[in-house]
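The values are calculated or read from the model by the stated rules, or taken from the named source; none is laboratory data. All values reported here derive from a predicted model rather than from experimental measurement. When we count neighbours, we look across all protein chains shown, and the Cβ atoms used for this are built from the backbone with ideal geometry, even at glycine. We work out accessible area using only protein heavy atoms, side chains counted, and drop any ligands, DNA or RNA first. Shrake-Rupley method; radii C 1.70, N 1.55, O 1.52, S 1.80 Å.
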Amino acid sequence: QLQASGGGLVQAGGSLRLSCAASGGIFSFMALNWYRQAPGKQRELVAGISTFGSTNYAESVRGRFTISRDNAKNTMYLQMNNLKPEDTAVYYCNVDRIGTVARDYWGQGTLVTVSS
């Protein structure tokens, strides 16, 4: 089970930190991602972090967003800085792999609204 939190309303240029708490599995074995879906658009991958801590980012957020994980707290984070109105979306956490086994688990989403 995945529980996302931390969304809200922020002005352009501001920051937010999203959290995703996981339960029901061995967190350290999970490959994790943040996706987002803006109104009228398809869901897109924002950032991912492997079990080893290697990260990848969408070009649109690279240098502004940082994904991280705390295996002791079973929690993943997305630090979002210098937010732009185009970052407005519902943000979802996702597990796409546990160990060597592919999975596709989703949290309920948290809304981020960036005003100009």
In region 81-114, residues that are within 17 Å of Ala12 (Cβ to Cβ) and in contact with a helix residue (DSSP H, G or I) (Cβ under 7 Å, 6 or more places away or on another chain) total 2
Of those in region 8-47 that are among the β-branched types (Val, Ile, Thr) and surrounded by fewer than 21 Cβ atoms within 10 Å (Cβ to Cβ), the residue nearest to Tyr105 (Cα to Cα) is Ile26
By residue number, the members of region 63-108 that are surrounded by fewer than 18 Cβ atoms within 10 Å (Cβ to Cβ), part of a loop (DSSP other than H, G, I, E, B) and not polar (S, T, N, Q) are Gly63, Arg64, Ala72, Lys73, Lys84, Gly99
Inside region 57-116, the number of residues satisfying the requirement of being of a type outside the set (S, T, N, Q), in contact (Cβ under 8 Å) with a residue 60 or more places away in the chain and farther than 20 Å from Gln1 by Cβ is 6
For region 71-103, the count of residues that are hydroxyl-bearing (Ser, Thr, Tyr), under 11 Å from Ala21 (Cα atoms) and over 10 Å from the mean Cα position of the chain (by Cα) equals 1
Selection from region 40-62 of residues of a type outside the set (A, V, I, L, M, F, W, C), part of a loop (DSSP other than H, G, I, E, B) and on the phi < 0 side of the Ramachandran plot yields Lys41, Gln42, Arg43, Ser50, Thr51, Ser54, Glu59, Ser60, Arg62
Is there a residue in region 48-55 that is of a type outside the set (D, E, K, R), open to solvent by less than 20 Å² (accessible area, probe 1.4 Å), touching a residue at least 12 places away in the same chain (Cβ under 8 Å) and out of contact with any Lys or Arg (no Cβ under 8 Å at 6 or more places or on another chain)? yes
